[in-house]
Protein chains: 2
Amino acid sequence: MSNLSMYPVTLNGNDIQNKRQEIRDYFHNTFSLFEKVFELLKNDDVFYRKSEITRHPMIFYFGHTATFFVNKLISMKVINERVDANFESVFAVGVDEMSWDDVDSKNYSWPKVDEVREYRTKVRGLVDELIITLPLNLPISQESDMWVILMGIEHERIHIETSLVLHTQMPLEFIKEVDEFKACSHSSAAPKNEMLSIKAQHIELGKEKTHHLYGWDNEYGTYEEDVKEFKTSKYLVSNSEYMEFVKDGGYETEEFWDDEGREFLKDSKAAYPTFWVLENGDYRYRTISKLIEMPLDWPVDVNALEAEAFCRYKSQKDGVIYSLPSEAEYRAIYNQSGLQDLPDFHESRANLNFYHYASSCPVNEFSFNGIYDVVGNVWQWSRTPIRGFEGFEIHPAYDDFSVPTFDDKHALILGSSWASSGNLIMKHSRYAFRKHFPQFAGFRYVISENSNDEEIDIYESDDLVSQYCEFQYGDTHFGVSNFAIECAKIASKFATKKGKALDLGCATGRATYELAKDFDEVEGIDFSVRFVQVGANLKDNGFVAFTSKEEGDLVVNKKVTIEELGYENLRDKVSFWQGDACNLKPNFNSYDLIIATNLIDRLYNPRLFLDTVDERLNEDGVLILTSPYTWQESSTQKELWLGGYVDSNGVEVKTLDSLKNVMSDKFELLHVQDLDFVIKETARKYQHTISQVSIWKKR
Amino acid sequence: MSNLSMYPVTLNGNDIQNKRQEIRDYFHNTFSLFEKVFELLKNDDVFYRKSEITRHPMIFYFGHTATFFVNKLISMKVINERVDANFESVFAVGVDEMSWDDVDSKNYSWPKVDEVREYRTKVRGLVDELIITLPLNLPISQESDMWVILMGIEHERIHIETSLVLHTQMPLEFIKEVDEFKACSHSSAAPKNEMLSIKAQHIELGKEKTHHLYGWDNEYGTYEEDVKEFKTSKYLVSNSEYMEFVKDGGYETEEFWDDEGREFLKDSKAAYPTFWVLENGDYRYRTISKLIEMPLDWPVDVNALEAEAFCRYKSQKDGVIYSLPSEAEYRAIYNQSGLQDLPDFHESRANLNFYHYASSCPVNEFSFNGIYDVVGNVWQWSRTPIRGFEGFEIHPAYDDFSVPTFDDKHALILGSSWASSGNLIMKHSRYAFRKHFPQFAGFRYVISENSNDEEIDIYESDDLVSQYCEFQYGDTHFGVSNFAIECAKIASKFATKKGKALDLGCATGRATYELAKDFDEVEGIDFSVRFVQVGANLKDNGFVAFTSKEEGDLVVNKKVTIEELGYENLRDKVSFWQGDACNLKPNFNSYDLIIATNLIDRLYNPRLFLDTVDERLNEDGVLILTSPYTWQESSTQKELWLGGYVDSNGVEVKTLDSLKNVMSDKFELLHVQDLDFVIKETARKYQHTISQVSIWKKR
């Protein structure tokens, strides 16, 4: 099975043409392997099934990885033309269980599988062409257009693994066997686990921008910790070892579970691991496409809550405190095991990259200096929630890859699994999931005196997001009133009906709440999850907390509660979603009001938005545009500006005039006014902008 | 002589180490060739002679090319430590005849030649080390640190040629012979010139960012013109052909000269070309180190005013209009001659790159498809003043290389000379000089119906400069008074004596004039000539003209005269200079007032400035600092910030407190106040900043 999955390409090298060919090979291998995974679905009907109620049906994932390429290439302005605008809105978002992901099926009418296959082929051709023709320097840097291609490839590698998880959660009758995915065929009694000493080490995590392999933004930066000597289990916890916990009533004993764990038990009704099947009093085991005798010496697949419960159970039984390893402790284990990073590490040495099996295998099969499965077989849950390292910087092509997971609710999984490849099997990769999420993940336990993590910092420190928090929830300056509140007042004054409203480009959500004082229901949409999550967190957690810059690096921390804002009773009226105003999903419709605040001069194609926005409004619906018309090429190509240019006849075109031309068929212009706003950059530096508000009523 | 000068390195390639070696070889070749040129000076005393009264003595140039490397590397933050701060202030500026170049010898105490030799050796070692160790990607881009090195090398190549011009202007007794620079030893009667047809062509000038050779900022962008068929002289104008004009009284006939030409005649008392020598009624010819019989078939060396006068003379004589070729016409000649760009063009094919001679040679020696000396021998004056192409962008490492020459007073010279090498002999290079400047330049003439250039656009369109013009000379906004005027008022209030004042960081110079209402003499200094020239032009031309952004690309043109400003009588009290506040020349001293407006948070090392500023003040002198303390790493490395950080004890450090600590020994703090300013970005977008003004009296 060694040729099913190639190793990722390195970023450096001397031969450009050769590197292009390497990337092409790696891309096609990835794209094909992903499609191979979907051959496991018995027929096209299965594509419309969900593996879990909280998830999209499989057709979404099938389209999603191709759409991802196009959406990122568009937003980074590598390409200008969509392959299929409809597909690229419905397949765009909904992967993680975030409140702003819309997985309600009634909001989607899914295309035929063959249409998606055809779409994938088009995207394959597009990406192949780009790999050959894009400008390319070596080493490939994060600023390179080719980085966006590599990002698309590694994104697809993630979905190769997570799709296999979803398939394994499907009823067996929906899955067929595929030759390339053969499970391990041997198992025997499990070895007795034992504790090994890991010596004290100074650990440095994080990699440099010049590292020779692709990385997600969360991998860069620095983190240092002095790890004291500790002990780790020699093996991953096997099905056999975990069986004791199950048989001792572990799932029924409340004290082994924390609050989140008890909630998981209540919601899921779980009584044993998710890939175990109870038949006639015996536990059997589900591989992707088969039900087999329980492989006692294979690692157990559990989520983080189950792994933690096991540790509490074993601690009580042995009178010693067991826990999951921290991220730094895992690196200490890695170092002591003598492992090397790609490409020096040979894939045959561990159960990963589809080299040996399309399933787990015995926990005593792959040794590294006497420690087993340091990488491969199944992922290993960590007690460390994922956070950015010192110097963390968002990559602009995917600004919501990491930030939404820095919420202390996403725990790191370490070491990769049999289904991992690409970035997933690199030394520096960092993936994290919600603690109740099933993956091909198990655990090893440690006995450790290393302290737990630092206190949570609740204050938003993303520069741009905290600037917007200050703008929407902070102080006013130079006597200029809060812009979100003023916009909502204008909206209330001009809207004729007060049913459903859309706050498009809602940023951190203040106007969404303000509108909800007067409207029955308000949806806030922004292109960036970094912003959307502020409004969503206010709803879920009851506060907004942010830092506000004063001088240089000095900041003040600010926190505003939902009670202080007077929004306690508006929670159920507001909802927040991620979306692209130029390619909104069809279900965003039937509004009495759409307000697009400082949006049109930041869209990559404002006409795309304006040409169809009327279809989303009810009869007599009102559209409000506010903008200072600061057109800039970094947001909008000059040919697509609505104003601020001289046309081919030498006439100066102003934006308001263009808006009148574009809109007059479908809208009546009710009113135009100026509205100032002030954005604080530091205690001494502000942007003072005069927005033009234009109010349009649907004809 | 083929090995005296190497060809420049290309920017592309596959082998990084190899490219480093190529750059090293090219650097050392350049640095050594430059030093070889200075061996022509008979002894060290000659280094303190000037070739012309308007120029620095030769010692300046000898230090300048090395200093250039260091100053550019410092300002681009490639290095942090100076080699010699004093040398790097006195050798910094003064090359072109700009009003802000200070060539008054009493302001300088020049170092010993051996000290400068030693300094050059140190800089050579530094640059050599950097070429080996700097990060390097191929192709080398304008953003690369290595670009700064290439810039230093090409800058030195320019001075190799211009220093040879200066040497040739020196009295012969100051020059000795150097083996490597051997003049051409043959000449005979000149061939009769004739006109050749050049066919109509669509000409595209300008090169792309991806071009394989180094370029100055003025070479990039696009320019298109349909050139109609025209005729060009087959040969450059020879000494023989030009002799007719001299003997026919050309230098005494006013109608052959325009205003600028007549002024040149009056100032220079010229009666024949600068390298001709009249001895006993006969004209002889000056090479670098010899006086020889007039080489009648060599090209005449003249400035643009002399070339234009010749064309008027010949037009009158022949009844046909002759003119100098335009830039586009020259490219048409180039195309028809079948020339290739470097590195394909072999240096043996023309009189350039020191391959054949260290002098001109007969005009009928090097033919290209029947047109002679299309490149090499002497430069050819053009009738086109240099301007930026469409898409022109300033390179940040050398923001005043081109912009000050876009004044319609600098004419392009085309085709290179026997003393040209490096960028000077590339197809796309563009050099321009004031029309009265002597170079190794002559001319060919054309008969052409191609139109002359477009009208001059007097309105400053450099984004940042015009933003500052609007800030200092434009409208006020949000009721905030003009900042330059308010600063001058505060200065008048607190200064105890009103002798000489220094406006440091003067930008476009408004406060310099305002201070001159109250002070006897005011000097304005800015790091960037782009800014300094606005104040200087107001003094020289009597107006400031700029564009002010309204929306997108749309602007309004604004013009303010010196009379409207009420500054007519202040002209003689103000002067403008280019300078680095962290490394000011010693002659800037004896001030009663120094005002540094929004400067300290933009300096690369603010302590360097603050630690010595007291030495430049008279007794009871006053220093005024204004700043919003917007520290940013792009201007100042974090370790050098004066405030806006948390120190190693965890204490927040504010800038004002730091200033008090740094200054208290030498200054008494008189007063602190806030002062707002507003900078317009567009008609709807403004920066509103609250500067802190602190006023310090020298103890």
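The values are calculated or read from the model by the stated rules, or taken from the named source; none is laboratory data. Computed from a predicted model, the values in this text were never measured in an experiment. FYI the Cβ positions are ideal-geometry reconstructions off the backbone, even for glycines, and counts take in every protein chain you see. Just the protein is used for accessible areas: all its heavy atoms, side chains included, with ligands, DNA and RNA removed. Shrake-Rupley method; radii C 1.70, N 1.55, O 1.52, S 1.80 Å.
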Reported set for region B:635-666 where residues are surrounded by fewer than 19 Cβ atoms within 10 Å (Cβ to Cβ) and hydroxyl-bearing (Ser, Thr, Tyr) is B:Ser635, B:Ser648, B:Ser664
Considering residues of region B:61-109 that are hydroxyl-bearing (Ser, Thr, Tyr) and modelled with pLDDT of 70 or more only, the residue most open to solvent (accessible area, probe 1.4 Å) | B:Ser109
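Before we move on, is A:Val277 open to solvent by 30 Å² or more (accessible area, probe 1.4 Å) and in contact with a Lys or Arg (Cβ under 6 Å, 6 or more places away or on another chain)?
Working: open to solvent by 30 Å² or more (accessible area, probe 1.4 Å): yes; in contact with a Lys or Arg (Cβ under 6 Å, 6 or more places away or on another chain): yes.
Answer is yes for this residue.
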Considering (1) among the hydrophobic types (A, V, I, L, M, F, W, C); (2) more than 20 Å from B:Tyr220 (Cβ to Cβ); (3) open to solvent by 40 Å² or more (accessible area, probe 1.4 Å), say which one B:Phe392 fails and leave the rest.
-> (2)
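A quick yes/no check of all residues on (1) modelled with pLDDT under 95; (2) among the hydrophobic types (A, V, I, L, M, F, W, C):
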position: B:Ile292; (1), (2): no, yes
position: B:Ile321; (1), (2): yes, yes
position: B:Ala332; (1), (2): no, yes
position: B:Gln340; (1), (2): yes, no
position: B:Leu352; (1), (2): no, yes
position: B:His356; (1), (2): yes, no
position: B:Val363; (1), (2): no, yes
Considering (1) free of Cβ contacts under 8 Å to residues at least 40 places away in the same chain; (2) closer than 30 Å to A:Thr210 by Cα; (3) surrounded by 13 or more Cβ atoms within 10 Å (Cβ to Cβ); (4) not aliphatic (A, V, I, L, M), say which one B:Glu115 fails and leave the rest.
-> (2)
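Look at A:Val622 and say whether it is over 30 Å from B:Thr689 (Cα atoms), open to solvent by less than 50 Å² (accessible area, probe 1.4 Å) and within 12 Å of another protein chain (Cβ to nearest Cβ). I'd like the intermediate steps shown before the answer.
On the way: over 30 Å from B:Thr689 (Cα atoms): yes; open to solvent by less than 50 Å² (accessible area, probe 1.4 Å): yes; within 12 Å of another protein chain (Cβ to nearest Cβ): no.
The answer is no for A:Val622.
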What pairs come up if the first residue lies in region A:400-425 and is without any contact (Cβ under 8 Å) to a residue 24 or more places away in the chain, the second is part of a loop (DSSP other than H, G, I, E, B) and hydroxyl-bearing (Ser, Thr, Tyr), and their beta carbons are under 8 Å apart, counting only those six or more places apart or on different chains?
-> none
With the checklist (1) more than 22 Å from B:Thr561 (Cβ to Cβ); (2) free of Cβ contacts under 8 Å to residues at least 40 places away in the same chain in hand, flag the one item B:Val480 doesn't pass.
-> (2)
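A quick yes/no check of all residues on (1) within 18 Å of B:Lys207 (Cα to Cα); (2) in a loop (DSSP other than H, G, I, E, B); (3) open to solvent by 10 Å² or more (accessible area, probe 1.4 Å):
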{"site": "B:Tyr330", "(1), (2), (3)": "yes, no, yes"}
{"site": "B:Leu339", "(1), (2), (3)": "yes, yes, yes"}
{"site": "B:Leu342", "(1), (2), (3)": "yes, yes, no"}
{"site": "B:Ser348", "(1), (2), (3)": "no, no, yes"}
{"site": "B:Tyr357", "(1), (2), (3)": "no, yes, yes"}
{"site": "B:Ser360", "(1), (2), (3)": "no, yes, no"}
{"site": "B:Val375", "(1), (2), (3)": "no, yes, yes"}
{"site": "B:Ser417", "(1), (2), (3)": "no, yes, no"}
{"site": "B:Ser420", "(1), (2), (3)": "no, yes, no"}
Look at region A:642-658 and say how many of its residues are within 38 Å of the chain's Cα centre (by Cα) and either touching a residue at least 24 places away in the same chain (Cβ under 8 Å) or more than 9 Å from chain B (Cβ to nearest Cβ) (or both).
-> 4
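Picking from A:Gln692, A:Gln632, which residue would you name as being open to solvent by 30 Å² or more (accessible area, probe 1.4 Å), within 13 Å of chain B (Cβ to nearest Cβ) and polar (S, T, N, Q)? Even if it seems obvious, please write down each step before you answer.
Values: A:Gln692 fails: open to solvent by 30 Å² or more (accessible area, probe 1.4 Å).
Exactly one of A:Gln692, A:Gln632 is open to solvent by 30 Å² or more (accessible area, probe 1.4 Å), within 13 Å of chain B (Cβ to nearest Cβ) and polar (S, T, N, Q), namely A:Gln632.
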Of the residues in region A:11-31 that are within 14 Å of chain B (Cβ to nearest Cβ) and of a type in the set (A, V, I, L, M), the one that is most open to solvent (accessible area, probe 1.4 Å) is A:Ile16
Could you tell me whether region A:494-506 includes any residue that is at positive phi, open to solvent by less than 60 Å² (accessible area, probe 1.4 Å) and either in a loop (DSSP other than H, G, I, E, B) or in contact with a His (Cβ under 8 Å, 6 or more places away or on another chain) (or both)?
-> yes
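Looking at region A:318-328, which of the residues that are assigned to a loop (DSSP other than H, G, I, E, B) and not polar (S, T, N, Q) is surrounded by the fewest Cβ atoms within 10 Å (Cβ to Cβ)? Give the derivation first.
Initial filter on region A:318-328 (assigned to a loop (DSSP other than H, G, I, E, B)): A:319-322, A:324-326.
Restricting the remaining residues to those that are not polar (S, T, N, Q) gives A:319-322, A:324-325.
Numbers: A:Gly319: 6, A:Val320: 11, A:Ile321: 15, A:Tyr322: 22, A:Leu324: 24, A:Pro325: 29.
Checked region A:318-328; the qualifying residue surrounded by the fewest Cβ atoms within 10 Å (Cβ to Cβ) is A:Gly319.
Can you tell me how many residues within region A:585-624 are without any contact (Cβ under 8 Å) to a residue 24 or more places away in the chain and under 21 Å from A:Thr508 (Cα atoms)? It would help to see each step written out before you state the result.
We begin by selecting, within region A:585-624, every residue without any contact (Cβ under 8 Å) to a residue 24 or more places away in the chain; these are A:612-613.
Now narrow it down to the ones that are under 21 Å from A:Thr508 (Cα atoms): none.
Total satisfying the criteria: 0.
In this structure, is B:Asp373 free of Cβ contacts under 8 Å to residues at least 40 places away in the same chain and more than 19 Å from B:Lys182 (Cα to Cα)? Lay out the reasoning, then the answer.
Values: free of Cβ contacts under 8 Å to residues at least 40 places away in the same chain: no; more than 19 Å from B:Lys182 (Cα to Cα): yes.
So B:Asp373 does not fit the description; no.
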Only one of (1) at pLDDT below 95; (2) outside any loop (DSSP other than H, G, I, E, B) fails for B:Lys585. Which number is that?
-> (2)
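Residues of region B:667-679 being open to solvent by 20 Å² or more (accessible area, probe 1.4 Å) and within 14 Å of another protein chain (Cβ to nearest Cβ), which ones?
Filtering region B:667-679 down to residues open to solvent by 20 Å² or more (accessible area, probe 1.4 Å) leaves B:668-676.
Within region B:667-679, B:Val672, B:Gln673, B:Asp674, B:Leu675, B:Asp676 qualify.
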Of everything in region A:370-398 that's under 20 Å from A:Phe433 (Cβ atoms) and charged (D, E, K, R), which residue is modelled with the highest pLDDT?
-> A:Asp373
Residues of region A:531-559 satisfying the condition of being open to solvent by 20 Å² or more (accessible area, probe 1.4 Å), more than 14 Å from every other protein chain (Cβ to nearest Cβ) and assigned to a strand (DSSP E or B) | A:Phe543, A:Lys558, A:Lys559
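Kindly indicate which of B:Val672, B:Val678 is touching a Leu at 6+ places or on another chain (Cβ under 9 Å), within 27 Å of A:His688 (Cβ to Cβ), of a type in the set (A, V, I, L, M) and in a strand (DSSP E or B).
Values: B:Val678 fails: touching a Leu at 6+ places or on another chain (Cβ under 9 Å).
Among B:Val672, B:Val678, only B:Val672 is touching a Leu at 6+ places or on another chain (Cβ under 9 Å), within 27 Å of A:His688 (Cβ to Cβ), of a type in the set (A, V, I, L, M) and in a strand (DSSP E or B).
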Which of (1) in a loop (DSSP other than H, G, I, E, B); (2) more than 14 Å from chain B (Cβ to nearest Cβ); (3) buried (at least 19 other Cβ atoms within 10 Å of the Cβ) does A:Ile140 not meet, given it meets every other one?
-> (2)
Is it the case that region B:249-267 has a residue that's modelled with pLDDT of 95 or more and under 29 Å from B:Phe368 (Cβ atoms)?
-> no
From the list B:Glu521, B:Glu568, B:Glu564, which residue is touching a residue at least 40 places away in the same chain (Cβ under 8 Å), outside the structural domain of B:Phe87 (by TED's automatic domain parsing) and open to solvent by 30 Å² or more (accessible area, probe 1.4 Å)?
-> B:Glu521
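With respect to B:Glu129, determine if the residue is open to solvent by 10 Å² or more (accessible area, probe 1.4 Å) and within 14 Å of chain A (Cβ to nearest Cβ). Quick ask: steps written out before the conclusion?
Numbers: open to solvent by 10 Å² or more (accessible area, probe 1.4 Å): yes; within 14 Å of chain A (Cβ to nearest Cβ): no.
Here the answer is no, as B:Glu129 does not meet what is asked.
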